[in-house]
Structure formats: C-alpha cells, structure tokens
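Notes follow the structure.
The values are calculated or read from the model by the stated rules, or taken from the named source; none is laboratory data. Only a predicted model underlies this, so the values are computations on that prediction, with no experimental measurement involved. Methodologically, a virtual Cβ is constructed for each residue, glycine included, from the backbone with ideal geometry; neighbour enumeration extends over all protein chains shown. Protein only, heavy atoms only, side chains kept; ligands, DNA and RNA dropped before computing areas. Shrake-Rupley method; radii C 1.70, N 1.55, O 1.52, S 1.80 Å.
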Amino acid sequence: AQKVTQAQTEISVVEKEDVTLDCVYETRDTTYYLFWYKQPPSGELVFLIRRNSFDEQNEISGRYSWNFQKSTSSFNFTITASQVVDSAVYFCALSSGSARQLTFGSGTQLTVLP
Amino acid sequence: GAGVSQSPSNKVTEKGKDVELRCDPISGHTALYWYRQSLGQGLEFLIYFQGNSAPDKSGLPSDRFSAERTGGSVSTLTIQRTQQEDSAVYLCASSLGGTSGGKGNEQFFGPGTRLTVL
C-alpha cells in the first residue's frame, strides 16, 4: 500500500520568509517516484518536480529546493524568500512499482502575506 | 504546445441523470489518467489508460462510472445515474507513459470539470 502524509494543513508566512513544506511517504516498492504539484487559486494543478527513488541528490530551482531523504522517507520542499504569488495549495504525490497513478497527500495550504 | 484540455468546464445536473466529461491529452502522450478532487476525499485516482493496454479501473468508486479512450487520444468519463456525492472536480492528466522511465511518469493536468449534482 502507498501513502503520502502532509501533516501541515495550513501555513501562513510573511513575504520574504523561508518556508518548508513537509512530505512523508510510505511504499514497499524499491522503485518509486515522488512529485510536487502546486494548485493556485485558479485551480489547475501545476507540475513542479519529479524525483526518482534511486537519485537522492537534492535539487534547487530558483527559490525552490527539494530535500529527498530515503532514510526518513521524506521529500520536503522549501521556498526561499517567499512571495505573495507562492500562495497556493501544494501537493506531494507518489507513484511506485508498476502502478503509474499518483497517490496524493492531503495538501498544504500556503498563504504568503504581504 | 497545447496542454491538456477538458470540457465542459462546469456541469450542473440533476440527480439520476447521466453525464459525460471529455479530456484531450497532450499530443504524443500515451498515458491518460482521470482523478477527482472533492473536499472530503482529496485527490483520488479513478482510471488509467496506457496505449492499447486494458485500462486500470481500480479507482472507480462504483459501476456507475466508466471511461473509454478512442484512438489512443481523447477520453470520455461517463457517470450514470448521478448522485449528490458525485459532485466534485474531475481532473484529467496525461504523461509520456510507456518505457520513458521517470519522465514518462510526469503527469500534466487539465483545468478540470466541476460537476455539481443537484
């Protein structure tokens, strides 16, 4: 069985603060993929990043960075110097083994205040 | 290039009626997925098509739900005898699929169809 847990339901920060969104996953498969999606108020899910289970390198893209740690089954997402436009619901997701469909966490509502 | 498109964007129907929701995937994507998003249940997988293989229907909540994909491209999700609990946003996604490895698993979503059952 696969499971993704995003324990933070809502986070509120002031613009320019750094914020980390937590994601913990469960799977028995040795090959799996982890994803982050952003859902702004407009509603469309926007793909942000994919990580393969065999690649634990952290990744940085502009103000976004991701920390993948297999030892703790976590795939956390950090936004540096947050901006109001970062306000959205962020979903962590997992696909593993032969199953291609995504198992989503419950999402974290991030509000960045000006 | 064009992204995933879905129609209609909104659908209001009466309990007991049938509805059809349409999805046009990204050109060249062989895999197509349907999910639904509701307040109480979050994002749930419904069905997955990969090329000409038999679809994975393991997420369909009841036999009132069915989907088809014609010519390996456009897909239609049909809900028969709609119930109020079917009210949700129905999301379609597509990916390269096949043996494209991790990149083949990257799913790109359409804007969704908001279904309201009165």
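Key figures for this structure:
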| quantity | calculated |
| --- | --- |
| Pair list, Cβ < 6 Å and 6+ apart or interchain, from the range B:59-84 residues that are in contact (Cβ under 8 Å) with a residue 12 or more places away in the chain to residues that are of a type outside the set (S, T, N, Q) and part of a helix (DSSP H, G or I) | B:Ile79/B:Asp86 |
| Positions within the range B:86-118 being without any contact (Cβ under 8 Å) to a residue 24 or more places away in the chain and either open to solvent by less than 10 Å² (accessible area, probe 1.4 Å) or at negative phi (or both), in sequence order | B:Thr99, B:Ser100, B:Gly102, B:Lys103, B:Asn105, B:Glu106 |
| Within the range A:92-114, tally of residues that are open to solvent by 10 Å² or more (accessible area, probe 1.4 Å), of a type outside the set (S, T, N, Q) and in a strand (DSSP E or B) | 2 |
| Count of residues meeting criterion [more than 14 Å from chain A (Cβ to nearest Cβ) and more than 10 Å from the chain's Cα centre (by Cα)] in the range B:70-105 | 14 |
| Test: residue in the range B:28-48 that is outside any loop (DSSP other than H, G, I, E, B), surrounded by fewer than 19 Cβ atoms within 10 Å (Cβ to Cβ) and polar (S, T, N, Q) | yes |
| Complete set of residues in the range A:75-90 that are open to solvent by 10 Å² or more (accessible area, probe 1.4 Å) and either assigned to a strand (DSSP E or B) or within 14 Å of chain B (Cβ to nearest Cβ) (or both) | A:Asn76, A:Thr78, A:Val89 |
| So B:Gly97, is it part of a helix (DSSP H, G or I), at pLDDT below 95 and out of contact with any His (no Cβ under 6 Å at 6 or more places or on another chain) | no |
| Subset tally (residues that are more than 8 Å from every other protein chain (Cβ to nearest Cβ) and either under 11 Å from the mean Cα position of the chain (by Cα) or open to solvent by less than 50 Å² (accessible area, probe 1.4 Å) (or both)) for the range A:52-66 | 5 |
